[in-house]
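Reviewing the structure listed below.
Throughout, read-outs are computed from the coordinates displayed, never taken from laboratory work. For clarity, every value in this text was computed on a predicted model and none was experimentally measured. All Cβ positions, even for glycine, are placed from backbone atoms using ideal geometry, and neighbour counts span all protein chains on display.
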Amino acid sequence: MATLSDVKPPEAVLSNDEILRYSRHLIMPEVGMEGQQKLKAAKVLCIGAGGLGSPLALYLTAAGVGTLGIVDFDVVDYTNLQRQIIHTTADVGRKKLDSAADKLTAINPFLNLRTFDTKLTSANALELFREFDIVADGTDNFPTRYLVNDACVLTGKPNVYGSIFRFEGQASVFATEEGPCYRCLYPEPPPPGLVPSCAEGGVLGILPGLIGVIQATETIKLILGQGDSLAGRLLLVDALGMKFRELKLRKNPDCPVCGTHRTITALIDYDQFCGIRGQEEPVFGGLSLMSVEELKKKLDAKADIFILDVREPHEYQICHLNGYLIPLGDLPKRISELDSSREIVAHCKMGGRSAKAVAFLKQAGFTKVYNLTGGINAWADRIDTKMPKY
Amino acid sequence: MPQIQIPSPLRQYSGKQASVDVPGNTVGEALAGLVSRHPDLKRHLYADDGKLRAFVNVYVNDEDMRYLQKEATELKDGDTISIVPSIAGGR
């Protein structure tokens, strides 16, 4: 990281107002005037203004990072507010970029904020990354994780990584000059559907705070050239047990993007790499779909149809369709409770788990089994708008 | 006896347990013991050809078993095996 720490352009001179603002930094020998000028000269790109992006952007801005870029194309919704602390209730419906810009410029008017209202893609990532010193990854899916990693390796920018699921988080610094990259840790993504997203599996609201602040800390250390970075280490955070552990990460000499015999020298199609074609469509049970409108019609006509709810009991408590509850994980051992001669429509929250249930039941010989497209959320959107949505 | 740490996404298949003590002289034996005790875990850890899935990393204490002797890595009493699957959440 020597190259980054040596940068001290002449324009990074602090005004008297800035000296007062950063007083608690300036009196620390590890930061001081020189460190604060490095922060002011630094350009950090934050991918996403969501759970991880909120604390990241807020703290980097407060700390005096001079140029902050944010890439996001999303709009604030009510389900974001439990954890995405840069957005408020009044921001629901606004662009996350606009909402974030208000808070960040209010915290620090000296910030040079650059917003990019776009999805990060193989077509724009390299050009974008080249304009910054460090990239902080706050995305939420495997294709973008691999895209951010590869683009960081190809442009030589450190990738400050964090990811979260339920009560657990991971953090590291990838793609430094000597250190390993994300592909050294995970050469291949899991097949789609096997690892639930936060929208399917949930996430404790404070967890992105914990992990995002760790990412902000690592970013600031890289800029200052101080301390021991997480490069070469994977930090595991278990909030339920409140345990922090670390594992050794090694640079894989056979890594296709940063190893000695590189096969990936340009960005690829990451949706294809991660096995995703089309948006969030279940990969199996494709032909046996039922829309919420069809189900409503059948129920109104008192047709003989059995509703199988494959969610968890705590989700049933939020809302239900009077379905018969067998959580997906219990289905194999409780399959005898189902009557294969009846027409069965399986549903979950959004359609992912029930697609697996349908595939499983078909393998077990069930023929009249359908997946409710869009799950109970589609029912709440289009049939019963009084039903709570989660 | 070696202890295997189960990450939260997989705990629904391990009877909700966060860690399981399993006998075994090697990592391979301990993991085989784990999936025989909790068969639902098997398809999440192993592919159909019987190999460990590529996106599931296994550590012995703080070292990746790929840089030890992989599944033949010998275990000492008190060793901790960690299963660390990839997660991607962030929003």
query: Do any trypsin sites (Lys or Arg not before Pro) in region B:17-80 lie in a loop, going by DSSP, with at most 14 other beta-carbon atoms within 10 Å of their beta carbon, and if so which?
result: B:Lys51, B:Lys76
task: Among the aspartates and glutamates, select those whose C-alpha is under 16 Å from the C-alpha of A:Lys251, and discard any that sit fewer than 8 residues away in the same chain.
output: A:Asp150, A:Glu177, A:Glu178, A:Glu188, B:Asp62, B:Glu63, B:Asp64
task: Multiply the residue separation of A:Lys248 and A:Asp269 by 0.36 nm, subtract the distance between their alpha-carbon atoms, and state the gained length in nm to one decimal.
output: 4.6 nm
query: For labels at A:Glu178 and A:Asp17 in the simple 7 Å Cα→Cβ model, what's the distance in nm?
result: 4.2
- prompt: Amide H of A:Ile70: which non-local residues (sequence gap of 5 or more, or other chain) have their own amide H closer than 5 Å, using H built in the peptide plane?
  reply: A:Cys46, A:Arg114, A:Thr115, A:Phe116
- request: Please compute the net charge surrounding A:Glu127, taking Lys and Arg as +1 and Asp and Glu as -1 over other residues with Cβ under 15 Å from its Cβ.
  value: +3
field: Helical mean residue ellipticity (222 nm; -39500 (n - 2.57) per DSSP H run of 4+; nearest 500) of the protein assembly as shown
entry: -8500 deg cm²/dmol
- request: Find the relative contact order for region A:289-382 and round it to a whole percent, using C-alpha pairs within less than 8 Å whose residues are 6+ positions apart.
  value: 34
field: Surrounding net charge for A:Glu315, when Lys and Arg each add one and Asp and Glu each subtract one, Cβ distance under 11 Å
entry: 0
statement: Rounded to the nearest 10, the angle in degrees between the Cα long axis of helix A:207-224 and the longest principal axis of the Cα atoms of chain A comes to 20
Part-to-part distance (alpha-carbon centres) for region A:38-81 and region B:37-63, which is given in Å: 36
query: Pulled fully out, how much extra length does the chain show between A:Ile318 and A:Arg262, if you take 0.36 nm times their separation in residues and subtract their Cα-Cα distance?
result: 15.2 nm
query: Taking K and R as +1 and D and E as -1, what net charge do the other residues with C-beta under 12 Å from the C-beta of A:Lys96 add up to?
result: -3
task: Taking every pair of Cα atoms in region A:2-273, average 1/r, invert it to obtain the Kirkwood radius, and report Rg/Rh to two decimals.
output: 0.95
query: Can you give the longest stretch of chain A with no exposed loop site, where a site means GluC sites (Glu not before Pro) in a DSSP loop (not H, G, I, E or B) with at most 15 other C-beta atoms within 10 Å?
result: A:281-390
- request: For the protein assembly as shown, build the charge dipole from Cβ charges (+1 Lys, Arg; -1 Asp, Glu) around the Cα centre, then report which of A:Thr373, B:Gly90, A:Ala101 sits farthest towards its positive end.
  value: A:Thr373
- request: With the convex hull built on the Cα atoms of chain B, state its orientation-averaged projected area in nm².
  value: 6.1
- prompt: Of all trypsin sites (Lys or Arg not before Pro) in region A:350-390, which ones are in loop regions per DSSP and have a Cβ with at most 16 other Cβ atoms within 10 Å?
  reply: A:Lys368, A:Lys386, A:Lys389
query: Across every pair of different alpha-carbon atoms, what Kirkwood hydrodynamic radius in Å does the protein assembly as shown reach?
result: 24.2
message: I need the calculated FRET efficiency for the pair A:Arg130 and B:Gln17, taking r as the beta carbon distance and R₀ as 45 Å, to the nearest 0.05.
response: 0.40
